[in-house]
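Colleague: Before I ask anything, here is the structure I am working with.
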Amino acid sequence: MNILQRLFEAQLTIAGQPILWREVVGNAFGFASAIGGMRRRVWAWPVGIVGNALLFTVFFGVAFSNPQGETLYGQAGRQVFFIITSIYGWWRWSQLRRARAAGDSHVPAITPRWATARERIGYLAVWLVGVVVVQQVFYAIGAGFPAPRWYFWCDAWIFVGSMVATYAMARGWNDFWLAWIGVDLVGVPLLVHSHFYPSAVLYAVYGALVIYGFFVWLRASSVETPVTRETSEVSA
């Protein structure tokens, strides 16, 4: 066994429950990304991508033999979409920060705003329809263990809601914080039920950060003046 394989399979034990170190490290990157997002820093996106890649290997237990013996397809699949959406967010925030900052690294990348009525109806429709469709897909695939029907609804809610929240963050909408609260209300109980304790703890702590971040962005949206380019050529 080489050193890379040892690091990949390294575990610690908490209250008799084996936990992969990459679950802990992946969530640490995720938390750092959340703080960067609250501060509207471009580096939040690449840091988040690293965490997403690590957590994919944790939740896709069929291929990577996690100690929980369970695969959360929604949790695993959303890491892939996180990476895709984060590449978009990374590009967009980089473009916006260049338009705003003129080389000043301390200037936030974006000015937050509320989604318009049309935008809000759009993402809520995607969320609701997506949950109905995705839960059926997850049910058809199966969980790899005797999972109750509610499990697939919860996993689909988390999966689709996370995509909506990440896209809303990339667009700079205050709504993204509220979307994350909706995800956390389902995500924490499901992760505890499935014995992914580090992720459950992070989600609980992240819930508090989300509430704080919401008010930080809300204040910024009321006192900062958007750059014209944010609503024109870069907003596409």
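Colleague: Regarding region 165-174, can at least one residue be identified that is at pLDDT below 90, under 30 Å from residue 22 (Cα atoms), in contact with a strand residue (DSSP E or B) (Cβ under 8 Å, 6 or more places away or on another chain) and part of a helix (DSSP H, G or I)?
Modeller: The answer is no; no qualifying residue exists.
Colleague: Consider residue 230 against the criteria (1) at pLDDT 90 or above; (2) acidic (Asp, Glu); (3) open to solvent by 10 Å² or more (accessible area, probe 1.4 Å): it satisfies all of them except one. Which criterion is unmet?
Modeller: Single failed check for residue 230: (1).
Colleague: Out of all the residues in region 109-147, which are in a loop (DSSP other than H, G, I, E, B), under 21 Å from the mean Cα position of the chain (by Cα) and modelled with pLDDT of 90 or more?
Modeller: 112, 114, 115
Colleague: What number of residues in region 130-172 are hydroxyl-bearing (Ser, Thr, Tyr) and surrounded by 19 or more Cβ atoms within 10 Å (Cβ to Cβ)?
Modeller: In the first step, residues of region 130-172 are kept if they are hydroxyl-bearing (Ser, Thr, Tyr); the result is 139, 151, 162, 166-167.
Narrowing the set further to residues that are surrounded by 19 or more Cβ atoms within 10 Å (Cβ to Cβ) leaves 151, 162, 166.
Adding up the residues that qualify gives 3.
Colleague: Scanning region 74-108 for residues that are modelled with pLDDT under 70 and more than 14 Å from the chain's Cα centre (by Cα), which turns out least open to solvent (accessible area, probe 1.4 Å)?
Modeller: Among those that are modelled with pLDDT under 70 and more than 14 Å from the chain's Cα centre (by Cα), it is 101.
Colleague: Of all residues in region 189-225 being open to solvent by less than 70 Å² (accessible area, probe 1.4 Å), farther than 24 Å from residue 59 by Cα and out of contact with any Pro (no Cβ under 6 Å at 6 or more places or on another chain), which is modelled with the lowest pLDDT?
Modeller: 224
The values are calculated or read from the model by the stated rules, or taken from the named source; none is laboratory data. Just so it is clear, the model here is predicted, and its values are computed rather than measured. Here the Cβ is made from the backbone with ideal geometry for all residues, glycine too, and neighbour counts use every protein chain on show. Each accessible area value is taken on the protein alone, full model and side chains, heavy atoms only, with ligands, DNA and RNA left out. Shrake-Rupley method; radii C 1.70, N 1.55, O 1.52, S 1.80 Å.
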